Amino acid sequence: MSDKIMSLIYQRSGGLCEAGITSRCTGRGEHKHHRKLRSRGGVDSTSCLVDICHQCHDWIHAHPKDATERGWM
């Protein structure tokens, strides 16, 4: 992932979790998550990547059906 893409995502998120989908959300942007997984053709772009906390990232991958319905996967 390029530094430019990472910088643009950080500017958009302000360093905050863009998901906030679990009560354990830390509020910090700790991971760059592909809304369309790379294994499914996702790319490193500002429209595909979101800045999310570790807890929300874990939730998304643990609940793929719900995460897909909510637009996080």
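The values are calculated or read from the model by the stated rules, or taken from the named source; none is laboratory data. Keep in mind that what you see is a predicted model, and the values were worked out from it rather than measured. Reconstructed Cβ throughout: ideal geometry from the backbone, glycine too, with neighbour counts over all protein chains shown. Calculation scope for accessible area: heavy atoms of the full protein, side chains included, ligands and nucleic acids excluded. Shrake-Rupley method; radii C 1.70, N 1.55, O 1.52, S 1.80 Å.
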Suppose accessible area is computed on protein heavy atoms with a 1.4 Å probe; arrange 3, 66 from highest to lowest.
3, 66
Taking all protein chains in place and a 1.4 Å probe, what share, in percent, of the accessible surface of the chain do carbon and sulfur account for?
49
The chain: Rg/Rh from Cα coordinates, Kirkwood Rh?
0.95
So for the range 1-51, averaging the separation of alpha carbon pairs under 8 Å that are six or more residues apart and normalising by length, what relative contact order in percent results?
41
For residue 29, the residues 5 or more places away or on another chain with a placed amide H closer than 5 Å to its own amide H are 16, 17
Whole-Hz couplings from phi, Karplus 6.51/-1.76/1.60, listed for the range 26-43; x for Gly and Pro
7, x, 9, x, 10, 9, 9, 10, 7, 5, 10, 4, 4, 5, 10, x, x, 10
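If the only charges are +1 at each Lys and Arg Cβ and -1 at each Asp and Glu Cβ, what is the size of the charge dipole of the chain around the Cα centre, to the nearest 20 debye? Provide the component values of the computation, followed by the final result.
Details: 11 positive and 8 negative charges, 32 e Å.
The dipole magnitude comes to about 160 debye.
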Given the peptides 58-65, 12-19, 29-36, arrange them by the average over their residues of other C-beta atoms within 10 Å, most packed first.
29-36, 12-19, 58-65
Among 15, 63, 31 - extreme Cα towards positive end, dipole of the chain, charges at beta-carbon:
63
Per residue value of the accessible surface for the chain (all protein chains in place, 1.4 Å probe), Å²
61
For residue 73, the residues 5 or more places away or on another chain with a placed amide H closer than 5 Å to its own amide H are 68
